[in-house]
Amino acid sequence: MSAIIVAIHAIAASGVVLLGPVQILRRHKDRRHRIIGRSWVVLMYLVCVSGMFIYSLTGGLTIFHALAIFTFGTTTIGVIAIRRGNVRNHIGMMVGSWLGAVFAGGFAAFVPGRDIPMLAVNDPVTLWTIVVGVVAAVSGWVVWVLRFLPADSGRTAPGPRPLPAGTSPTAASPTPASSTPASPRTRDASRGTA
């Protein structure tokens, strides 16, 4: 059971690390950004939740439990921020969560005694097969989203609403204030009667 959880954790974390630069470096923050971002959030949640089970299998709470909870929280705050239109907070939380995943991944990959270095020594073919598979899957997902999905979902940016059917632009335009007829009460007040 622990090997399955570790595999899920490592594969999801690899997806998080690989998708991050796509989101950060793309100039257009469009529908494609949202789709890739949603997949990134799902993977990040999977990393956090699976990480809780991995570290509990080591015999108790560690700093990694706190980091998993913290990252779950920062990712959630980032999602809420963009839903509320707070782009700056969204960027800070998401980039921070991604950087945390990169550093944690570096720790997992390069500290002796951890699962990845042990797999690299004991079964390098399996390790590199997994690495190539994850890179291919994430790259395929990104290429598919960027190449085959339209950039816009049909929603438009806030602005003037389209005219109702059968309305001409001149009929729908507001009349200038100087040519607006006065209300009966205003006319009466200007004559001195109420």
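Bear in mind that the values in this text are calculations on the coordinates, not laboratory data. Just so it is clear, the model here is predicted, and its values are computed rather than measured. Here the Cβ is made from the backbone with ideal geometry for all residues, glycine too, and neighbour counts use every protein chain on show.
Coordinate range of the alpha-carbon atoms in segment 77-154 per principal axis, descending: 51, 30, 12 Å. Relative contact order of segment 1-143: 25 percent, from C-alpha pairs under 8 Å at least 6 residues apart in sequence. Placing R0 at 41 angstrom, the Cβ-Cβ distance between ARG147 and ASP123 gives a FRET efficiency of 0.70 after rounding to 0.05. For segment 73-83, putting each phi into the Karplus relation 6.51 cos²θ - 1.76 cosθ + 1.60 with θ = phi - 60° gives couplings of x, 5, 5, 5, 4, x, 5, 4, 4, 6, 5 Hz, in residue order, rounded to whole numbers and with x for Gly and Pro. Considering only alpha-carbon pairs that sit under 8 angstrom and 6 or more positions apart, the relative contact order computed for segment 1-85 is 33 percent.
Note on segment 3-46: Cα-only Rg and Dmax are 11.6, 39 Å.
If you take the alpha carbon atoms of segment 2-148 and fit the smallest convex hull around them, that volume is 104 Å³ per residue.
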